[in-house]
Amino acid sequence: MHSVDATTEQMIRSVLAYAENRLRLDPVPLDEGSRDPAALDAVTEGLLSESGTNPDQVLGVYTSMLAPAVISADSPRFLGFIPAAPTKASLLFDMLISCASIQGISWLEAAGAIHAENQVLRLIADRAGLPDSAGGCFVSGGSAGNLSALVVAREMAKSRSGAGGPQRWRVAVGSDAHSSIVNTLRIVEMDALTVETDDHRLTGEALRKAIEDDGDPSSLAAVVATSGTTNAGIVDDLAGAAAVARDHGLWFHVDGAYGGAGLFAPSVRHKYDGIEHADSFVLDPHKWLFAPFDCAALLYRDPSLARSVHTQDASYLDVIHDKPAEWNPTDYAYHLTRRARGMPLWFSLAVHGVAAYTEAIEAAIRLARETADEIRSRPNLELVREPDLGVVLFRRKGWNTADYMAWADQLLADQVAFIPPSAWEGETIGRFAFLHPHTTMDLVREILDRLA
Ligand SMILES: Cc1ncc(COP(=O)(O)O)c(C=O)c1O
């Protein structure tokens with residue numbers, strides 16, 4: 001298994017040939033997701049045997065049966081949830097990083113990789129206007145980043161309050177915060193002070209009022225604002241929320257898992273004013289910075305605070321903490337072992353230059369605006385709200401949930417688009433999530449035509 005024998009040579013040829021073909025797909029076809037488990041059982045039956053199976057046979061099952069049963073999130077026709085659109089350069093480098101088995105825990109083991117990852121974190125920190133002292137690490141996703149950051153927030157609140165702290169800490173969040181925030185709070189046994197907003201955008205004013213009206217403000221540890229809500233792409237009033245957090249001595253966390261990449265787009269950069277006050281900030285390059293899964297940048301204004309919370313204490317790890325100046329990504333989140341998942345983005349940014357990223361992000365924003373205009377021009381449709389970033393919400397007058405489901409199912413069956421409906425204030429609606437720079441207005445029109 002670990003030597004380069006005839007079977008290894010065979011696998012190198014056939015797996016790399018498949019990978020090459022996958023990389024060359026342009027555009028990537030949509031394919032289909034859901035399958036009858038019995039059908040999948042039938043094709044995979046017996047493959048995990050005692051004696052093993054010929055690699056070409058196993059690869060054949062993957063290429064012919066399993067891969068087509070996965071909707072390609074990197075297709076320009078994938079317009080649901082939050083898509084993916086990794087650059088070819090980032091995908092190639094991801095393969096290289098996998099082959100190199102880089103153990104991205106510590107400077108001792110992986111200084112070269114960590115240095116490059118930190119360059120990318122610095123680039124993001126600069127775009128956000130965070131101080132030179134800011135730093136962090138790459139984690140698996142926004143959920144992992146939010147969890148790691150809010151644990152630090154809670155520990156800071158605890159140490160400030162000493163023995164007199166509350167039984168359970170709370171966090172003020174907008175009503176449209178991502179489900180991973182709610183999940184985090186449940187996992188770490190904190191509660192939410194949910195700030196209801198009229199327009200789904202957390203404002204400083206609404207936050208201040210909620211805290212002032214609250215019976216127990218001293219139990220608050222943090223404020224979470226979102227820079228690009230998942231369902232609608234709304235950027236909260238970051239400057240207002242930051243000011244309230246500061247006035248109340250609360251940790252200010254910004255969840256930019258989806259929308260943080262808009263920091264690179266001049267046309268919307270002003271919406272992020274105030275982000276420079278964040279104590280912690282999460283941005284998922286596997287969403288709108290065109291990196292492969294899984295990759296989230298987690299930044300802290302003062303990384304020493306995160307280090308004091310997340311550093312793992314084990315005698316066999318003492319050696320990585322011998323030199324305090326050395327940067328150990330493990331110290332900035334709940335993880336220990338980690339792949340150097342920032343490296344594919346580093347390579348791609350270095351190859352293409354930041355301006356190409358700016359242009360690709362702006363392309364989705366432009367497409368969202370043009371789509372909004374197109375929707376406004378069609379009498380049977382209604383725009384739910386002006387798009388802030390790359391998400392467009394609309395309603396087909398007179399339709400119910402079953403109509404939207406039938407429309408979306410048919411679009412997928414015809415391999416036109418993956419565009420599952422969403423909901424807005426209890427009503428089923430249509431939702432475009434634009435991210436891939438090759439999604440076209442022609443495709444948008446074709447999808448809208450089917451709403452007749
Ligand atoms: C705003 C926001 N926060 C957090 C997350 C969770 O990120 P991940 O899926 O990378 O864990 C998402 C995912 O869509 C998101 O949009």
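The values are calculated or read from the model by the stated rules, or taken from the named source; none is laboratory data. Here the structure is a predicted model, which means the values were calculated and not measured. Because the Cβ atoms are built from the backbone with ideal geometry, glycine has one as well, and the counts that use them run over all protein chains shown. These area figures cover heavy atoms from the full protein model, side chains too; ligands, DNA and RNA do not enter into them. Shrake-Rupley method; radii C 1.70, N 1.55, O 1.52, S 1.80 Å.
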In terms of the charge dipole of the chain, which places +1 on Lys and Arg and -1 on Asp and Glu at the beta carbon, the residue among T87, S72, G104 farthest towards the positive end is T87
Where N is the number of residues in region 269-328, Cα Rg divided by 2.2 N^0.38 Å = 1.49
Would you please name the trypsin sites (Lys or Arg not before Pro) within region 127-216 that are DSSP coil residues with at most 16 other C-beta atoms within 10 Å of their C-beta?
-> R168
Taking a label point 7 Å from the Cα of A17 along Cα-to-Cβ, the residues of region 48-64 whose backbone nitrogen sits under 20 Å from it are 53-64
Pulled fully out, how much extra length does the chain show between N54 and R186, if you take 0.36 nm times their separation in residues and subtract their Cα-Cα distance?
-> 42.9 nm
Search the structure for amide H atoms under 5 Å from the amide H of I429, placed 1.01 Å from N in the peptide plane, and list their residues when 5 or more places away or on another chain.
-> S422, A423, W424
In the chain, how many lysine pairs have Cα atoms under 29 Å apart, counting only pairs 8 or more places apart or on different chains?
-> 5
Compute the longest continuous run of the chain that contains no exposed GluC sites (Glu not before Pro); treat a site as exposed when its DSSP state is not H, G, I, E or B and it has at most 12 other Cβ atoms within 10 Å.
-> 197-424
So what's the back-of-envelope 222 nm ellipticity for the chain, counting only DSSP H runs of four-plus at -39500 (n - 2.57) apiece and dividing by all residues, rounded to 500?
-> -13000 deg cm²/dmol
Summarise the accessible area of the chain (1.4 Å probe, protein heavy atoms) by the percent that is carbon and sulfur.
-> 54
Solvent-accessible area per residue, Å², over the chain with all protein chains present [probe radius 1.4 Å] = 44
Restricting to Cα pairs under 8 Å and 6 or more apart, the percent relative contact order of region 228-359 works out to 20
Would you kindly calculate the translational diffusion coefficient of region 136-184, applying Stokes-Einstein with the Kirkwood radius from alpha carbon pairs, for 20 °C and a viscosity of 1.002 mPa s, and quote it in µm² s⁻¹ without decimals?
-> 177
Cα gyration tensor, the chain - rounded (a/c under 1.5), prolate or oblate | oblate
When the convex hull of its Cα atoms is projected in every direction, mean area for region 194-284 (nm²) | 5.7
Fraction of the pair-distance distribution of region 272-404 above 24 Å, Cα-Cα pairs, percent = 55
Cα gyration tensor category, rounded, prolate or oblate, for region 154-312 with a/c compared to 1.5 | oblate
Which whole-number percent is the relative contact order of the chain (Cα, under 8 Å, 6+ apart)?
-> 20
Global form of region 38-102, assessed from the alpha-carbon gyration tensor, a/c cut-off 1.5 | oblate
Which peptide among 81-94, 54-67 comes first, and what is the full order, when sorted by highest mean count of other Cβ atoms within 10 Å?
-> 81-94, 54-67
Would you kindly derive the ³J(HN,Hα) couplings of region 291-301 from the backbone phi angles with the Karplus curve 6.51 cos²θ - 1.76 cosθ + 1.60 (θ = phi - 60°), listing them in order in whole Hz, with x for Gly and Pro?
-> 9, x, 4, 10, 7, 10, 8, 10, 10, 10, 4
